[in-house]
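Comments concern the structure below.
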Amino acid sequence: MGSLILTGFHLYLVFCIVNARFQFKEAKPCDSTKCLPPKCRCSNNFDPPGGLQRKDTPQIIIITFDDDINTENYKQYLEAFDGLKNPNGCPGVGTFFICHNYTNYFLAETMYSKGHELADHTVTHQEPTDYWIHGSYEMWKNEINGEREILHRSVLIY
């Protein structure tokens, strides 16, 4: 019985992959005469931008965290960035996508004062996802603008 279910799953998986290949059209090649930096760059050109040598090209790594800053995770965040420096000597920093639930805004302000970025991740972080799928424009606006206002008032982010 188990092997029959597994075989059925494999057939379903193959069907999905084959079906997906016929649903999507291949992208047109990038026209490098129309797609010009800084607003556009063809991805089929793998040379570093601005004529830089590969060894001199900065490698950008974005470190992000999802949800709250609170007493449960604050020390871990500090330790993660302790001694982390960019090649130019500036401290390494992260972006914290904050929702209102369980956030300690004093600790959030402390992270912000250390150069970290605080970003808006809605007020409620409501589950299940149906809340977001079926949410109205007004609900989305209140969730996003509400957390932005809370960050503005609590951490003085403008």
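Most exposed first by the Cβ proxy, i.e. fewest other Cβ within 10 Å, how do PHE106, PHE96 rank?
So the ranking, lowest neighbour count to highest, is PHE106, PHE96.
In what order do THR33, THR95 fall by count of nearby beta-carbon atoms within 10 Å, going from fewest to most?
THR33, THR95
Using modelled amide H (1.01 Å from N, peptide plane; none on Pro or chain starts), what sits under 5 Å from the amide H of ALA119, excluding residues fewer than 5 places away?
PHE96, PHE97, ILE98
Full-extension gain between CYS35 and ARG54, please, as 0.36 nm times their residue separation minus the C-alpha to C-alpha distance. Don't skip to the end; give the middle numbers.
Working: separation 19, 0.36 × 19 = 6.84 nm, distance 2.21 nm.
Length gained between CYS35 and ARG54: 4.6 nm.
Which lysines, on any chain, are close to LYS85 with Cα under 27 Å apart, when same-chain ones fewer than 8 places away are left out?
Leaving aside lysines fewer than 8 places away in the same chain, those within reach of LYS85 are LYS55, LYS75, LYS114.
Hey, what's the Kirkwood Rh for the range 53-154 if you take every pair of different alpha carbons, in angstrom?
By the Kirkwood definition, the hydrodynamic radius is 15.2 Å.
Reachable lysines from LYS34, Cα under 22 Å, same-chain residues fewer than 8 places away excluded?
Correct list for LYS34: LYS25.
Compute the signed sum of charges (Lys and Arg +1, Asp and Glu -1) over the other residues within less than 11 Å, Cβ to Cβ, of VAL93.
+1
Taking the beta-carbon count within 10 Å as an exposure proxy, list GLU109, GLU72 from fewest neighbours to most.
By the 10 Å Cβ count, ascending, the order reads GLU72, GLU109.
Bear in mind that the values in this text are calculations on the coordinates, not laboratory data. Not measured: the values here are computed from a predicted model. Note that each Cβ is placed from the backbone with ideal geometry, even for glycine, and that neighbours are counted across all protein chains shown.
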